[in-house]
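Q: Below is the structure I would like to discuss, written out as structure tokens.
The values are calculated or read from the model by the stated rules, or taken from the named source; none is laboratory data. All values derive from a computational prediction rather than experimental measurement. A quick note on method: Cβ atoms are made from the backbone with ideal geometry, for glycine too, and the neighbour counts reach across all protein chains shown.
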Amino acid sequence: MNSIKSKGRAGSIFYLLFRNLFFLSLVLPLFFLLLFSFTERYAWPELFPTSFSLRSFKSILFQRKVLFQDTLFSMVFSLLVSLCTVLVAFCTAKYQNEEGLKGKGILAFLVNFPIMIPATVFAMGAQILFLKVKILNPFLTVFLAHVLYALPYAVSFLQEGMSRKMKLYEEQGRVMGAVGGRLFWKVSLPLLYPYIFPAFMMSYILSMSQYILTLILGGGKVKSLSLIMVPYIQSGERNLASAYGLIFLCSSFLLFFLLDFLEKGIQRERVKGGNSFIL
């Protein structure tokens, strides 16, 4: 009995330690990022700033139009990367999920290869490859590299969704007369929405935060949000860098809530229609 109680206490202590470590490692940095982005003066050894200001955001939105344009471009660029990544990931996961097809092991290795090696090595290899095949447009090279780097994560999400249960629904759909495009739109795609949206979200975050690939392949002509932030961190303008970090965070949260809203709306329509999506 005493051993059970001691195990219970040990479990409670472990939970408290984990919770506090989680708070310190995640919540506190975000709190100080928020605090610093609205700060006018924040000097050591002050624990909290003595004055607040919107100067950093005014600088990004109004005073430095180039910065605002680069920020907007980075968001749109990452959204396009996410869309392309999900489309390629769907085709890849669909191929790997089919029975009797050859080369699945090689395909899985090639898909996961970019995350098996350091980003710097991958960027240098990709740069040499693009030069050899005469792909010289920096926007295109960065776009392709971002897609390749985010692809393994998106494929893992979609493969999880393409389970045997999905195959059973597709078979039921064929029996009830749904074939081809109708089968895809009415059966397969609705079942994959809970997996498509996280794949899209992950691809967006990876593209926005990618620094090494964008720096090496873009040659300074393509700006991701992390590439914009780093010079301000190095120059000591941490208020401006924090404001960029907050913009990145807000855009990610906004996209998350938008995708969540779309998924719930789709689920409500499916519930209203019952099983009519198969017909």
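Q: Return the only residue of I278, I228, I212, I233 being modelled with pLDDT of 85 or more and out of contact with any Cys (no Cβ under 6 Å at 6 or more places or on another chain). It would help to see each step written out before you state the result.
A: On the way: I278 fails: modelled with pLDDT of 85 or more; I228 fails: modelled with pLDDT of 85 or more; I233 fails: modelled with pLDDT of 85 or more.
The conditions single out I212.
Q: A further question follows. Counting only residues that are of a type in the set (F, W, Y) and without any contact (Cβ under 8 Å) to a residue 24 or more places away in the chain, which one in region 61-94 is surrounded by the most Cβ atoms within 10 Å (Cβ to Cβ)?
A: Filtering first and then ranking leaves F68.
Q: Against the condition out of contact with any strand residue (DSSP E or B) (no Cβ under 9 Å at 6 or more places or on another chain), over 25 Å from M124 (Cβ atoms) and buried (at least 19 other Cβ atoms within 10 Å of the Cβ), how does L217 come out, does it pass? First the steps, then the outcome.
A: Numbers: out of contact with any strand residue (DSSP E or B) (no Cβ under 9 Å at 6 or more places or on another chain): yes; over 25 Å from M124 (Cβ atoms): no; buried (at least 19 other Cβ atoms within 10 Å of the Cβ): yes.
Spelling it out, it is not the case that L217 is out of contact with any strand residue (DSSP E or B) (no Cβ under 9 Å at 6 or more places or on another chain), over 25 Å from M124 (Cβ atoms) and buried (at least 19 other Cβ atoms within 10 Å of the Cβ).
Q: Quick check: is even one residue across region 149-160 more than 19 Å from N97 (Cβ to Cβ), in the same structural domain as I115 (by TED's automatic domain parsing), modelled with pLDDT of 70 or more and buried (at least 16 other Cβ atoms within 10 Å of the Cβ)?
A: Yes, there is a match, as at least one residue in region 149-160 is more than 19 Å from N97 (Cβ to Cβ), in the same structural domain as I115 (by TED's automatic domain parsing), modelled with pLDDT of 70 or more and buried (at least 16 other Cβ atoms within 10 Å of the Cβ).
Q: Pull out all pairs, ordered by first then second residue, where Cβ-Cβ is under 8 Å, the residues are six or more apart or on different chains, the first lies in region 95-110 and is in the same structural domain as M166 (by TED's automatic domain parsing), and the second is in a loop (DSSP other than H, G, I, E, B) and surrounded by 10 or more Cβ atoms within 10 Å (Cβ to Cβ).
A: Correct list of pairs: Y95/L101; N97/M162.
Q: Let me ask you something else. Can you find even one residue in region 200-213 that is in contact with a strand residue (DSSP E or B) (Cβ under 7 Å, 6 or more places away or on another chain), in a helix (DSSP H, G or I) and of a type outside the set (V, I, T)? Break it down stepwise before answering.
A: Just the residues of region 200-213 that are in contact with a strand residue (DSSP E or B) (Cβ under 7 Å, 6 or more places away or on another chain), to begin with: none.
Checking region 200-213: not a single residue is in contact with a strand residue (DSSP E or B) (Cβ under 7 Å, 6 or more places away or on another chain), in a helix (DSSP H, G or I) and of a type outside the set (V, I, T).
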